[in-house]
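The values are calculated or read from the model by the stated rules, or taken from the named source; none is laboratory data. Since the model is a prediction, treat every value here as computed from it, not as a measurement. Positions of Cβ are backbone-derived with ideal geometry, glycine not excepted, and every protein chain shown enters the neighbour counts. The area values use the complete protein model at the heavy-atom level, side chains included, leaving out ligands, DNA and RNA. Shrake-Rupley method; radii C 1.70, N 1.55, O 1.52, S 1.80 Å.
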Amino acid sequence: MASYVAGIDFGTSNSSTAITNGGVPRLVDVENGRNTIPTALYFPEKSSEVFYGRTAQQKYVDSETGGRFMRSMKRILGTPLMDSSTQINGHMVKFDDIIGAFVSYMKQKIDASANENVESVVMGRPVHFRDNDPAADDKAQQELKRIARKAGFKNVCFQYEPIAAAFAHEQKINSEKLACVIDIGGGTSDFTAIRLSPENRNKADRTKDVLANTGVRIGGNDFDKNLSLNAFMPVLGMGTDYKVYGKVLSIPNSIYINLSTWNQVNDVYNYKTLNLVKGYQTWALEPEKLARLYQVVQNRLGHINLNYVEKTKIALSKDLSIESILDFLSDKPSIYITREEFNNSISNDVEKIEKFLSECILQAGVKNEDIDLVILTGGSTEVPRVSEIATKFFPNAEVSAGDKLSSVGMGLAYDARRIFL
Ligand SMILES: Nc1ncnc2c1ncn2[C@@H]1O[C@H](COP(=O)(O)OP(=O)(O)OP(=O)(O)O)[C@@H](O)[C@H]1O
Ligand SMILES: [Mg+2]
């Protein structure tokens, strides 16, 4: 019997992995019977323990002493930050090692499921980790490769995430299709135009079937950011003024931007920012709003706020409006927002997504009318304004939208079987 090989979808928001030793791949239990795990880590204060996924999220929310919570680490790959360290419980830790801890956790789950040391893996990657920067793109892939090797994989290959999603879907079709994959996750939007057919499934070389790939660094994290800045941060004083020596000035936006960006929230937790906010509160024209900001910075409530933002966004995929009560603040302010307001807040992002999708079809040399299958994958394709794109662009296509959070992991394992077995 052949050894097991794996595919890992290391996602900005969620990760999954599947393994195979020659047969149909199976998804690995990565967290208490679940086959996806939030890409999150929690380092409790004064402890060397590390928690992952939902457990990390829960422990962080329950903790009274703080500690360090991290999400969306994938966004750091390929940036200069990868070469620096961050303070965790008084120690300087490299981002490399933080992502490494998460990939090692996935490797342990893989090995436990395979009951052997799995040495070969296909890792997913977005079409672009960074926009318009091929050198940074290469750097990001090299960093991820180095991390996977350090975690114990001897053979590491890469595949574009949307192509993997297409391979997973190809198992289900019974006739040839000209397909377009729209994969919109937490950090990136990726598109592939690809020929799928039952006969092609076992072909060793699929390069000719892939007609085009495009991608842009926009995802659900950006939707959260826009929603936070438009609806949540004004409650904390964004857009208000302070008056000093008779001069009226605006409270600067930088703290609000950090608080609205998943991988920058921790940057506001320091005495300098706390004192700054105290100062603004003294001079603010609407001090009750700055008092809320002070609470958020002092009690490290930024990630909790972003959880509320994300929940509000997800609720707006189903409901036309929602009231969100910020009960983590002492005066429990409430925010009312409609889907239309949310749609307006993400309109620039959606425009860019449409531009890169058009570019993919153009590069593929086909017409929108020729596409007969659209594969929607990635959690952010649940946003109605985003899923509408499929029908708007491709009038003759059947739209498929199953297994949004695990299809990439499955497809990567199919690719691992093709490459390694
Ligand atoms: N019902 C929903 N409505 C709106 N957004 C949703 C919904 N469900 C999940 N999301 C969003 O989908 C994103 C996560 O999707 P997914 O798990 O596919 O991303 P990822 O694979 O981790 O990211 P990437 O592929 O960009 O690295 C998050 O931003 C999440 O808020
Ligand atoms: Mg993804």
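Computed about its Cα centre, the charge dipole of the range 333-421 is approximately 260 debye, with only Lys, Arg, Asp and Glu carrying charge at their Cβ. Each residue was assigned an accessible area with a 1.4 Å probe, and for S84 the value is about 40 Å².
Within the listed set T338, T214, T312, the Gaussian network model of the chain (springs between alpha-carbon atoms below 10 Å) gives the highest mean-square fluctuation for T338.
For the range 281-421, calculate the relative contact order in percent as a whole number, restricting contacts to Cα pairs under 8 Å that are 6 or more residues apart. Could the numbers behind the result be given before it?
Numbers: 111 pairs, mean separation 21.5, N = 141.
Value for the range 281-421: 15 percent.
Under a crude label model (7 Å from the Cα following the beta-carbon direction), how far is N396 from A315 in nanometres? Going from the N396 label point to the A315 one covers 4.3 nm. With the simple spin-label model, which puts each label point 7 Å out from Cα in the Cβ direction, the K203 to T240 separation comes to 6.2 nm.
Give the relative contact order (percent, whole number) for the chain; include only Cα pairs under 8 Å separated by 6+ residues. Walk me through the numbers before you get to the answer.
Working: 863 pairs, mean separation 85.6, N = 421.
This gives 20 percent for the chain.
Extending 7 Å from the Cα toward the beta-carbon at both E359 and S334 defines two label points whose distance is 4.3 nm. Would you be so kind as to identify which of L376, F153, I218 lies farthest towards the positive end of the dipole of the chain, taking Lys and Arg as +1 and Asp and Glu as -1 on Cβ and the Cα centre as origin? Result: F153, furthest along the dipole toward the positive end. With a 1.4 Å probe and all protein chains left in place, how much of the accessible area of the range 1-86 comes from carbon and sulfur atoms, in whole percent? The nonpolar share, carbon plus sulfur, comes to 47 percent. Checking the a/c ratio against 1.5 first, then a/b against b/c, what shape does the Cα gyration tensor give for the range 75-187? Note, shape of the range 75-187 comes out oblate.
Which links in K332/K404; K177/K352; K247/K289; K150/K272 stretch past 30 Å when you go from one Cα to the other? Pairs exceeding the cut-off: K332/K404; K150/K272.
Averaging Cα coordinates gives a centre for the range 266-304 and one for the range 127-161; these two points are 38 Å apart.
Just to make sure I understand: if all protein chains stay in place, what is the order of C157, C360 by accessible area at 1.4 Å, largest first? Don't jump to the answer; show the numbers that get you there.
On the way: C157 40, C360 0 Å².
If we order C157, C360 from most to least accessible, we get C157, C360.
Taken about its Cα centre, the range 56-197 carries a charge dipole of about 160 debye when Lys and Arg each add +1 at the Cβ and Asp and Glu each add -1 at the Cβ. Give me the 1.4 Å probe accessible area per residue for the chain, excluding ligands and nucleic acids, in Å². Accessible area per residue, the chain: 43 Å². Span-like helix criteria (full DSSP H runs; alpha carbon extent of at least 27 Å along the helix axis; mean Kyte-Doolittle hydropathy of at least -1.0) are satisfied in the chain by 95-114.
Using a probe of 1.4 Å on the protein chains alone, the accessible area found for H128 is around 70 Å². About its Cα centre, the dipole of the range 38-96 is roughly 200 debye, where the only charges are +1 on Lys and Arg Cβ and -1 on Asp and Glu Cβ. Of the Cα atoms belonging to the range 243-395, the radius of gyration and Dmax stand at 20.5, 66 Å.
Comparing L320, L290, L211 in a Gaussian network model of the chain, where Cα atoms under 10 Å apart are tied by springs, the biggest mean-square fluctuation is seen for L320.
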